Protein chains: 2
Amino acid sequence: MSSQVRTSPILLAPGPTEVDPAVLRAMSSWAESHFAQPFCNTFGDVLTMTRKLFQSQDPNAQPFVLGGSGTLGWDFVATNFIEPGEPVLCLSTGYFSNAFEQCLSTYGARTKKMTVPIGEAPDIRDVEKELRKTRYKALVVVHVDTSTAVLMPLKPLSDLLRRVSPETLLIVDGVASVGAEDLQFDKWNIDIVATGSQKAIGCPPGLAIIMASARAIEVATARKAPPTSWYASLPRWLPIMQNYEKKQSSYFATPPTQLVHAMHATLTSILSRPLSERFEQHRRKSAQVKAVVQELGLTQLARQPEHQANGLTAFWLPQGLSSKELLSRVTEKGFTIVGGMHKEVGHRYVRVGHMGYSVVGEPERHIDRGCQALREAVLEYYASKSDSSVPRQSADFTEPARANL
Amino acid sequence: MSSQVRTSPILLAPGPTEVDPAVLRAMSSWAESHFAQPFCNTFGDVLTMTRKLFQSQDPNAQPFVLGGSGTLGWDFVATNFIEPGEPVLCLSTGYFSNAFEQCLSTYGARTKKMTVPIGEAPDIRDVEKELRKTRYKALVVVHVDTSTAVLMPLKPLSDLLRRVSPETLLIVDGVASVGAEDLQFDKWNIDIVATGSQKAIGCPPGLAIIMASARAIEVATARKAPPTSWYASLPRWLPIMQNYEKKQSSYFATPPTQLVHAMHATLTSILSRPLSERFEQHRRKSAQVKAVVQELGLTQLARQPEHQANGLTAFWLPQGLSSKELLSRVTEKGFTIVGGMHKEVGHRYVRVGHMGYSVVGEPERHIDRGCQALREAVLEYYASKSDSSVPRQSADFTEPARANL
């Protein structure tokens, strides 16, 4: 509990992430009715602040904050914006890209998936070729795939769409990016971003957050058949969100009141300083972690700097060191990092999260101390394998054969 | 915040409900990875305790605890246990029964809805007639409809099904009943109960809890087409729940870790005493509230004692007293109660919740004090309308014309 002395390790996972003490206190807000005015005020502010988080000023764009995991956002996308049989181009950079594509297929989208070797991102020229072949209803991209730490730059995709297929919706999974990476919703003509509360937004898990453009709302409300979901139905949630933003209660399902308070606390903190500063802090801390990886003679999954996420780092393990052993060594030093997520090579790499409070809560020096723990853990392993404690060069370590995700 | 002096009113709404301070503290548990062993242990215990909450000992029955509102449980029911076109008999006792039926229709169930005048419950002889006419895939019943406080006894329905239509699944919405009303999952041959965390279970909102019988799991896994949902897919969640109950991590979507801790705290408290005692406490406090309503010369929506819920009370307002005015008078006295939920007569009645911590947390005397606040508020209104403060007799107050829900 937050009021007790902490004994658990500091969480440097790519979500959930460490939470500001003020946010944690908001989690234990008193019980209150979702119909009562104080809650309406809190939820209304959360929605208005969510617009700012997305750098959106279009009053006809619409944020949705729903009880559920970030994954629920995929159902929201699949059941409201895409009709069964419509073609969707999915760019895959890892496990989450693939799962998003499967979710879309489940609801009847005719998906085409572009895959690349692990650690890479689809070439924009290939995307262009594909867009010229078929008139896609949507281009679906995971901004940062948490399984590989591969970042797919959005601006070039947006420019490409405007040039070759302006009617195609740009749909983004921002689960591991919103709050850590620059994401200019209006300016980049993004139609939908689906994210969760528990990563760079710095709130505990339990909220799905969706931002939809005016155009996306039109598409959803003009669709031929009703949405293929109840709980994720945009027409049912739209008036609820609009009313709450006007500080009026409205009912479709009971919102998770304490999580909404926590979201209020974290958004208030995020927006108290320029977002550009927050993104810069994430870039700086990310560079620091990536420098340690390099110093240890190790290699990131994402080779190209422009495809390296700023909220997490995924790197191949030195040969002979198991994921389990490294995780356990790091845990002994007071930090939690996590293993890979890939059905063939997931056990051969690990992931370190550097998002949200651990990045911006400078006084606690989570990243400095976490880097030190990681460095020591790997160096101890090197020492155990050799008389000298000098790290071996990267050439000594075999990287797994490249595998398609 | 729980650590500060409380200024907000005590919540006697029919959900969310007041929360044990220990549960509120669990809401601000430190951030932790959903893959880490301590969380696996906590979640595993929650699942095992959930079985006990349902008085289930069948190891092949399966609890599911998902991030989302209770409403998500309906999607879980509709997309896993019913295939498009299958006939489902829905008993309606209020707003929630109707919404559940709409959810089932959204996913293609061929629903038949039995309605009754507000405050009543379908006659079991009519249900029998209907079951003899059509071979229904499922009988869907809301144990307690939160909009009307009407309770539908489950045991007679279960007996009826076994007698006339044993293959029909018995599907129960237990959102306003689980934790307040006796519900013997195995013994009464119930196939599915869907509920939420925030009512008589005494946890903040944000978890959908589903209990499925071995037979229901078989039906879901043997269905012809895959489930028509991603986030609510039983085949995707089943191994996750099974692994967590074995204290092993497993991933489909990030669980709301703090809410799982809160659920652990409340289930631990609930199961520390016999459930029969908990149900008796709810019956006693319910009788106390209902006696005040009667003493004030007012009438419950549910006329028949066997159809009166034990976790909440809904009663018609005295003529001339608006819902808004009564709610505001009661709020001034430090308690929150809520208005009605019915499109025609919702403004003519109010609802008082008496569930969970407010019932079992005796030292705080929420119900005694809440009853006193309600009594005073109504008596003040009577006094303002007359020279005498003696309450007028119930015959003086016009009950709204009966309306079908």
(message) Just the residues that are touching a His at 6+ places or on another chain (Cβ under 8 Å), assigned to a loop (DSSP other than H, G, I, E, B) and within 7 Å of chain B (Cβ to nearest Cβ), please, taken from the stretch A:1-54.
(response) A:P16, A:E18, A:S29
(request) Can you tell me which residue among A:F39, A:F81 is open to solvent by less than 10 Å² (accessible area, probe 1.4 Å) and in contact with an Asp or Glu (Cβ under 6 Å, 6 or more places away or on another chain)? (result) A:F39
(request) At least 1 residues that are away from every other protein chain (no Cβ under 14 Å) in each: list the helices (runs of 4 or more DSSP H) lying fully within the stretch B:61-155 that qualify. (result) B:95-106, B:124-133
(request) Would you check if A:Q319 is more than 14 Å from chain B (Cβ to nearest Cβ), in contact with a strand residue (DSSP E or B) (Cβ under 8 Å, 6 or more places away or on another chain) and either farther than 30 Å from B:F96 by Cβ or surrounded by fewer than 20 Cβ atoms within 10 Å (Cβ to Cβ) (or both)? (result) no
(message) Just checking, does the stretch A:55-74 include any residue being under 20 Å from the mean Cα position of the chain (by Cα), of a type outside the set (D, E, K, R) and open to solvent by 20 Å² or more (accessible area, probe 1.4 Å)?
(response) yes
(message) Looking at (1) within 14 Å of B:A61 (Cβ to Cβ); (2) buried (at least 24 other Cβ atoms within 10 Å of the Cβ), which one does B:A200 not meet, given that it meets all the others?
(response) (1)
(request) Check A:R402, A:R348, A:R392 and return the single one that is modelled with pLDDT of 95 or more and open to solvent by 50 Å² or more (accessible area, probe 1.4 Å). (result) A:R348
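I'd like to verify a number: residues in the stretch B:212-227 that are among the hydroxyl-bearing types (S, T, Y) and not in a loop (DSSP other than H, G, I, E, B), how many? Walk me through it before giving the result.
As a first pass, look at the stretch B:212-227 and keep what is among the hydroxyl-bearing types (S, T, Y): B:213, B:221.
Filter again for not in a loop (DSSP other than H, G, I, E, B), leaving B:221.
Number satisfying all stated conditions: 1.
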(message) Any residue at all in the stretch B:180-197 that's within 29 Å of A:G70 (Cα to Cα) and out of contact with any strand residue (DSSP E or B) (no Cβ under 7 Å at 6 or more places or on another chain)?
(response) no
(message) Can you tell me which condition B:I209 does not meet? The list is (1) touching a strand residue (DSSP E or B) at 6+ places or on another chain (Cβ under 8 Å); (2) aliphatic (A, V, I, L, M); (3) not in a strand (DSSP E or B), and all the others hold.
(response) (3)
(request) Could you tell me which numbered condition A:A265 fails, if it satisfies all but one of (1) among the aliphatic types (A, V, I, L, M); (2) within 14 Å of another protein chain (Cβ to nearest Cβ); (3) within 30 Å of A:R365 (Cβ to Cβ); (4) open to solvent by less than 10 Å² (accessible area, probe 1.4 Å)? (result) (4)
(request) Using the structure shown, decide if B:T115 is hydroxyl-bearing (S, T, Y) and in contact with a Cys (Cβ under 9 Å, 6 or more places away or on another chain). (result) no
(message) Against the definition (out of contact with any helix residue (DSSP H, G or I) (no Cβ under 8 Å at 6 or more places or on another chain), in contact (Cβ under 8 Å) with a residue 40 or more places away in the chain and assigned by the TED database to the domain that holds A:A222), how does A:P84 come out, yes or no?
(response) yes
(message) Against the condition more than 21 Å from the chain's Cα centre (by Cα) and open to solvent by 10 Å² or more (accessible area, probe 1.4 Å), how does B:E120 come out, does it pass?
(response) no
(request) Please work out which one of (1) within 14 Å of another protein chain (Cβ to nearest Cβ); (2) open to solvent by 20 Å² or more (accessible area, probe 1.4 Å); (3) under 26 Å from B:G119 (Cβ atoms); (4) at pLDDT 95 or above is the condition B:H342 fails and give its number. (result) (4)
(message) Can you find, within the stretch B:365-378, the residue that is most open to solvent (accessible area, probe 1.4 Å) among those that are within 15 Å of B:W316 (Cα to Cα) and over 25 Å from the mean Cα position of the chain (by Cα)?
(response) B:R375
(request) Say whether the condition of being surrounded by fewer than 24 Cβ atoms within 10 Å (Cβ to Cβ), assigned by the TED database to the domain that holds B:A180 and closer than 23 Å to B:A180 by Cα is met by at least one residue in the stretch B:100-117. (result) no
(message) I'm trying to understand the selection: among the residues of the stretch A:206-224, which are open to solvent by less than 40 Å² (accessible area, probe 1.4 Å) and either modelled with pLDDT under 95 or within 14 Å of chain B (Cβ to nearest Cβ) (or both)?
(response) A:G206, A:L207, A:A208, A:I209, A:I210, A:R223
(request) Please enumerate the residues belonging to the stretch B:127-147 that are open to solvent by less than 10 Å² (accessible area, probe 1.4 Å) and either among the aliphatic types (A, V, I, L, M) or within 16 Å of B:D159 (Cα to Cα) (or both). (result) B:V127, B:L131, B:A138, B:L139, B:V140, B:V141, B:V142, B:H143, B:V144
(message) Exactly one condition in (1) open to solvent by less than 20 Å² (accessible area, probe 1.4 Å); (2) in contact (Cβ under 8 Å) with a residue 60 or more places away in the chain is false for A:E306; which is it?
(response) (1)
(message) Name the residue that is farthest from A:A253 (Cα to Cα), counting only residues in the stretch A:34-70 that are modelled with pLDDT of 95 or more and of a type in the set (G, A, S).
(response) A:S56
(message) Among the residues of the stretch A:325-332, are any open to solvent by 30 Å² or more (accessible area, probe 1.4 Å), over 16 Å from A:A373 (Cα atoms), assigned by the TED database to the domain that holds A:G356 and not β-branched (V, I, T)?
(response) no
(message) For the stretch B:228-256, give me the residue count where each residue is assigned to a helix (DSSP H, G or I), within 14 Å of chain A (Cβ to nearest Cβ) and surrounded by 24 or more Cβ atoms within 10 Å (Cβ to Cβ).
(response) 1
(request) Hey, could you check the stretch B:184-196 for residues that are open to solvent by less than 10 Å² (accessible area, probe 1.4 Å) and either more than 10 Å from chain A (Cβ to nearest Cβ) or over 9 Å from the mean Cα position of the chain (by Cα) (or both) and say which is nearest to A:H34 (Cα to Cα)? (result) B:T195
(request) Within the stretch B:93-106, identify whether any single residue is touching an Asp or Glu at 6+ places or on another chain (Cβ under 8 Å) and farther than 25 Å from A:F76 by Cα, and answer yes or no. (result) yes
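The values are calculated or read from the model by the stated rules, or taken from the named source; none is laboratory data. These figures come from a predicted structure and were not determined experimentally. Glycine gets a Cβ as well: all are built from the backbone with ideal geometry, and neighbour counts include every protein chain shown. Quick note on the areas: whole protein, heavy atoms, side chains included, nothing else; ligands and nucleic acids left out. Shrake-Rupley method; radii C 1.70, N 1.55, O 1.52, S 1.80 Å.
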